[in-house]
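The values are calculated or read from the model by the stated rules, or taken from the named source; none is laboratory data. Owing to the predicted nature of the structure, the values given are computational and were not obtained by experimental measurement. Here Cβ is always computed from backbone atoms with ideal geometry, including for glycine, and neighbour counts include all displayed protein chains.
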Amino acid sequence: MKILHLSKYYYPYSGGIEQVVQDICEGISSKYTCSVLALSESKKYYESNLNGVQVYNCPVQFSISSASFSIKYISTLIKIIKDFDIIHIHLPNPLANIALMLAKEKNKKIIVHWHSDIVKQRYLEKIYRPFQNWLLKRTNLIIATSPAYVQGSRALFPFKEKVNIIPIGVNKRNADDELTQLIKNKYGNKKIIFSLGRHVYYKGFENLIKAGMYLSSEYIILIGGKGPLTSKYRELIDDLNCSDKVKLIGRIDERELPSYFSAADIFCLPSVERSEAFGVVQIEAFSHEKPVVSCDIRGSGVSWVNKDAVSGLVVEVNKPKAIANAIDEIFSSYEKYSKCAYLRYINLFTASGMNKKIITLYENI
């Protein structure tokens, strides 16, 4: 059986959806032939083979908001779609949706992998909605990553009979013990609160920065990543005079990331909007036995992933003091939270578990 994944980007581009696509393709490549159609930051079209996965890399002509357009993406799909048995499309991705419409293949089996609604770009969502509805009617199955997100999604509600819940799973990546110790030493062996993500509106990092004001000097907050709000976060840290407690450490090399999770004591995901649909970083933290503090985002799967009072604590959105209090509370029963976080990873969020369920869908579609 040959499966084509329609993704926005693919490795070495770093992103939550891209990592899921890679884990699926590489995880089932011994059983099925998996290929990926993706955009590329290159100005020219090229094909590559990464760990047994054929990748069709297409240049971007232009972008509107977060939606990119590529004529080559559309023409390549029209050319190669006949060679595949199943088309597995990862949304949100208006370009892939429109390309699939234009390919006009009526007999192909289609699976929609619903990672998130279009939340912020309301005008774009209105224009895109007819194409999205066409796809949801046409698709054979829909994969959603959590029951909580399905319940909060207006787009999925009319098609809920097609929905299969398959939580995202990740492979545990081993830390470098020497680098882990270097990180701990660098920050004076303080209790490390680690956070990670693009510095954008829905991530809520300003609340984690403010939480530092309520924490004692035995803690240090490390925030990885970059983005359009990085300079504002630096200004906020200066204004609050908390540079001794909060550090913006920039983009972290993928090879070093496991060591940061290992060096941390707690992971915090302070996101405040449904644009954060799942929070893959939470399960990466679980895999390293780290409890999580996250926020109760209405209609999101974030607080379903991090089970309150089990794998960590869930607090109200936009409440810096509540974040600080939760951090203190976890340390009062740290061993319990640490063990439960790892058990939740093993029971629900491994890549192998995710792939077994996806294989079952492929075989029964």
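So how many residues does the range 65-74 have that are modelled with pLDDT of 95 or more and surrounded by fewer than 15 Cβ atoms within 10 Å (Cβ to Cβ)?
Adding up the residues that qualify gives 1.
Considering only residues that are surrounded by fewer than 19 Cβ atoms within 10 Å (Cβ to Cβ), assigned to a loop (DSSP other than H, G, I, E, B) and aliphatic (A, V, I, L, M), which ones fall in the range 116-126?
Matches in the range 116-126: VAL119 only.
Scan ASN318, ASN325 and give me the residue that is on the phi > 0 side of the Ramachandran plot and in the same structural domain as ILE209 (by the TED database). Let's see the steps before the verdict.
Details: ASN325 fails: on the phi > 0 side of the Ramachandran plot.
Only one candidate qualifies: ASN318.
Starting from residues that are under 26 Å from the mean Cα position of the chain (by Cα) and small (Gly, Ala, Ser), keep the ones in the range 163-196 and report whichever is farthest from GLN22 (Cα to Cα).
If we take residues in the range 163-196 being under 26 Å from the mean Cα position of the chain (by Cα) and small (Gly, Ala, Ser), then SER195 is farthest from GLN22 (Cα to Cα).
Those residues that are over 16 Å from ASP177 (Cα atoms) and among the polar types (S, T, N, Q), I need them from the range 246-298; list them, please.
Answer for the range 246-298, where residues must be over 16 Å from ASP177 (Cα atoms) and among the polar types (S, T, N, Q): SER271, SER275, GLN282, SER294.
Please go through (1) closer than 24 Å to VAL20 by Cα; (2) without any contact (Cβ under 8 Å) to a residue 60 or more places away in the chain for LYS106 and return the number of the only condition it doesn't satisfy.
Only one criterion is unmet by LYS106, namely (1).
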